[in-house]
Amino acid sequence: MEQKHQILLDTVRRLIRRGAYPHLAKMLGKIHPADIAHLFRYLDLKEQRILFNLIEDPETSAYVLSELDHATGAQLLEQIDKETITEVLQEMPYDDAVDIIRNLPEELAEEILNIMHDEDSTEIEQLLQYDEYTAGGIMSTEIFSLQEEMTVKEAIEALQKAEDVEMVFYVYVTDEYGHLVGVLSLRQLLTVPPQTPLKDVMTRDVIRVTTDTDQEEVAHLVARYNILAIPVVDENNKLMGIVTVDDVIDVLREEATDDIFKMAGTSEEELLYGFKSFKIARLRLPWLITNLFGGVITGYLMWLFKATIEQIIALVSFVPVITGMGGNVGGQSATIVVRGFATGRIDFSTLRQVFFKELRVGLIMGAVCGLVVGLVALVWHGNPYLGLVVGLAMITAMTVAASTGVLAPTFFKKIGVDPAIASSPFVQTANDITGILIYFGTATLFLSYLR
């Protein structure tokens, strides 16, 4: 399958270079929409624009846009006429269309909503009222629900007539005012007598979220309870929509990608800049400047210990080892904690256990690495006390680094700062500084033995 996609990608790129657009358009008409959407992930923005303009079927265009990030989708739509934009958006589920419209220029978005059919524009305008990263912002309003007074037979007949609904793995039950009162599975409907009222067989304890629930919390609930969809209600418990598992997967992927970019000191926005070096550099510089100042502080600390260094010049040999290993351990612990917060596996109630677990891990790894580097120092410089100093400093620095890797993300999480973007440069800088202090502090204590 991978070979097939590679051949297809190479063919598309070759046709674009040659300007063989009629042939490429004809080929696109024979390719499955999922395969076309997959191609877009490997094309730059210029190639994407050319390919998107050659897709003749609005339904295929809508499918492709649903698979791309929203900002890129909006950029592709901006280059075509308003009527075609409207036609494509009307082929998309309302929640996906809303995500695209949010990224269009405000004036263009208003014009598109005015052109749309009344029913479509009303649904989209309703969804636009909710924050983009809440349950209301990602829910689908094309839902199927039944009233609690209906019988099982009537419910099955209503299901058979249902059209244009998101999914019916679960049947949500409401009262006469539209308030969510219960839920049924299709299996339950098919295994009870036809004349049974829904209120007698439905599950009343429904896992639900409100329209303002953060999308991460929605994803955690779906994952925790292993459900395929979760209903969304307003402050009065009126059923407003559902968030399905495919939307949750998108949320988890977005959050994970965002965390990875932040921990690397950049942003997903970088992908939109293509090969624009200055704009990409501007995104990466803040993280690097933070590390730069950390390096300056580390250098200053080494200068403070210049008397120790002048007497035992061999100490310089192991500075990169101490700081490097501390940074690696701290980065590992920070990554575990940040990811744990993101997925819900770690919270403040389990933090004590996580801290002591990482502390023990840091101590074990420090002991092993400290023994190795201590032996290297002994063999290299022939001084057993130098080996002792380096070994002790390594053990202490790695243990402290593991602790810092837990405490830093926790602190930023507590004060409301994204731990993914804040903890990485902080952990690196803090571990460099503490590593130098521990190393040269230990060396100063043993200075009389090192001479």
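What is the one condition in (1) closer than 14 Å to A401 by Cβ; (2) loosely packed, with under 12 Cβ neighbours inside 10 Å; (3) β-branched (V, I, T) that V316 does not satisfy?
Just one mismatch for V316, condition (1).
Which fully enclosed helices (runs of 4 or more DSSP H) of the range 1-119 have 3 or more residues being under 27 Å from the mean Cα position of the chain (by Cα) and surrounded by 14 or more Cβ atoms within 10 Å (Cβ to Cβ)?
On the way: elements: 2-18, 21-28, 33-40, 45-53, 58-67, 70-78, 82-90, 94-102, 106-115.
Because the criterion is at least 3 residues that are under 27 Å from the mean Cα position of the chain (by Cα) and surrounded by 14 or more Cβ atoms within 10 Å (Cβ to Cβ), the helices (runs of 4 or more DSSP H) in the range 1-119 that meet it are 33-40, 45-53, 58-67, 70-78, 94-102.
Can you find a residue that is in a helix (DSSP H, G or I), open to solvent by less than 10 Å² (accessible area, probe 1.4 Å), within 18 Å of V321 (Cα to Cα) and among the aromatic types (F, W, Y) anywhere in the range 431-446? Don't jump to the end; show me each part of the working.
The initial filter retains those residues of the range 431-446 that are in a helix (DSSP H, G or I), namely 431-445.
Those left that are additionally open to solvent by less than 10 Å² (accessible area, probe 1.4 Å): 431, 435-436, 439-440, 443.
Still in the running and within 18 Å of V321 (Cα to Cα): 431, 435-436, 439-440, 443.
Then drop every residue that is not among the aromatic types (F, W, Y), which leaves 439-440.
Yes, the conditions are met somewhere in the range 431-446.
Could you name every one of the helices (runs of 4 or more DSSP H) located completely within the range 306-404 that has at least 3 residues being of a type in the set (S, T, N, Q) and out of contact with any Leu (no Cβ under 8 Å at 6 or more places or on another chain)? Even if it seems obvious, please write down each step before you answer.
Working: elements: 306-311, 319-343, 351-381.
Where helices (runs of 4 or more DSSP H) fall fully within the range 306-404 and carry at least 3 residues being of a type in the set (S, T, N, Q) and out of contact with any Leu (no Cβ under 8 Å at 6 or more places or on another chain), they are 319-343.
Looking at the range 95-109, can you tell me whether even one residue there is without any contact (Cβ under 8 Å) to a residue 12 or more places away in the chain, under 29 Å from Q215 (Cβ atoms) and of a type in the set (D, E)?
Of all residues in the range 95-109, those without any contact (Cβ under 8 Å) to a residue 12 or more places away in the chain come to 106-107, 109.
Narrowing further to those that are under 29 Å from Q215 (Cβ atoms): 106-107, 109.
If we keep only those that are of a type in the set (D, E) too, we end up with 106-107.
Yes: one or more hits.
From R253, R224, R208, R187, grab the single residue that is of a type in the set (K, R), surrounded by fewer than 19 Cβ atoms within 10 Å (Cβ to Cβ), at pLDDT 90 or above and within 35 Å of the chain's Cα centre (by Cα).
On the way: R253 fails: at pLDDT 90 or above; R224 fails: at pLDDT 90 or above; R187 fails: at pLDDT 90 or above.
Among R253, R224, R208, R187, only R208 is of a type in the set (K, R), surrounded by fewer than 19 Cβ atoms within 10 Å (Cβ to Cβ), at pLDDT 90 or above and within 35 Å of the chain's Cα centre (by Cα).
Could you say which residue among M202, M240, M167, M263 is aliphatic (A, V, I, L, M), modelled with pLDDT under 90, surrounded by 13 or more Cβ atoms within 10 Å (Cβ to Cβ) and farther than 20 Å from R345 by Cα? I'd like the intermediate steps shown before the answer.
On the way: M202 fails: modelled with pLDDT under 90; M240 fails: modelled with pLDDT under 90; M263 fails: farther than 20 Å from R345 by Cα.
Step by step, each of M202, M240, M167, M263 is checked, and only M167 is aliphatic (A, V, I, L, M), modelled with pLDDT under 90, surrounded by 13 or more Cβ atoms within 10 Å (Cβ to Cβ) and farther than 20 Å from R345 by Cα.
Taking the condition of being over 30 Å from T410 (Cβ atoms) and surrounded by 15 or more Cβ atoms within 10 Å (Cβ to Cβ), how many residues in the range 350-379 meet it? If you could, list the steps in order and put the result at the bottom.
In the first step, residues of the range 350-379 are kept if they are over 30 Å from T410 (Cβ atoms); the result is 371-372, 374-379.
Going one step further and asking which of them are surrounded by 15 or more Cβ atoms within 10 Å (Cβ to Cβ), we end up with 374, 376-378.
Looking only at that region, the number is 4.
Within the range 54-61, does at least one residue satisfy the condition of being in contact with a helix residue (DSSP H, G or I) (Cβ under 7 Å, 6 or more places away or on another chain) and either over 18 Å from Q79 (Cα atoms) or of a type in the set (S, T, Y) (or both)? So that I can check it myself, show each step before the final result.
As a first pass, look at the range 54-61 and keep what is in contact with a helix residue (DSSP H, G or I) (Cβ under 7 Å, 6 or more places away or on another chain): 54-56, 58, 60-61.
Of the ones still in play, those that are also either over 18 Å from Q79 (Cα atoms) or of a type in the set (S, T, Y) (or both) are 60-61.
Yes, the range 54-61 contains at least one residue that is in contact with a helix residue (DSSP H, G or I) (Cβ under 7 Å, 6 or more places away or on another chain) and either over 18 Å from Q79 (Cα atoms) or of a type in the set (S, T, Y) (or both).
Within the range 293-301, does at least one residue satisfy the condition of being open to solvent by 40 Å² or more (accessible area, probe 1.4 Å), part of a helix (DSSP H, G or I), at pLDDT below 75 and over 28 Å from Y42 (Cβ atoms)?
no
Counting just the residues of the range 121-138 that are assigned to a helix (DSSP H, G or I) and free of Cβ contacts under 8 Å to residues at least 12 places away in the same chain, which one comes out surrounded by the most Cβ atoms within 10 Å (Cβ to Cβ)? Steps first, please.
At the first step, the residues of the range 121-138 found to be assigned to a helix (DSSP H, G or I) are 121-128, 135-138.
From what is left, the residues that are free of Cβ contacts under 8 Å to residues at least 12 places away in the same chain are 121-122.
Working: S121: 17, T122: 12.
If we take residues in the range 121-138 being assigned to a helix (DSSP H, G or I) and free of Cβ contacts under 8 Å to residues at least 12 places away in the same chain, then S121 is surrounded by the most Cβ atoms within 10 Å (Cβ to Cβ).
Give the range 386-420 a look and list any residue that's modelled with pLDDT of 90 or more, in contact with a Ser or Thr (Cβ under 6 Å, 6 or more places away or on another chain) and surrounded by fewer than 21 Cβ atoms within 10 Å (Cβ to Cβ), or say none.
Of everything in the range 386-420, just one residue is modelled with pLDDT of 90 or more, in contact with a Ser or Thr (Cβ under 6 Å, 6 or more places away or on another chain) and surrounded by fewer than 21 Cβ atoms within 10 Å (Cβ to Cβ), namely L392.
The values are calculated or read from the model by the stated rules, or taken from the named source; none is laboratory data. Just so we're clear, the structure is a prediction, and the values are computed from it rather than from any experiment. Every residue, glycine as well, gets a Cβ built from its backbone with ideal geometry; the counts of neighbours run over all protein chains shown. Accessible surface is based on the protein model in full, side chains and every heavy atom, while ligands, DNA and RNA are left aside. Shrake-Rupley method; radii C 1.70, N 1.55, O 1.52, S 1.80 Å.
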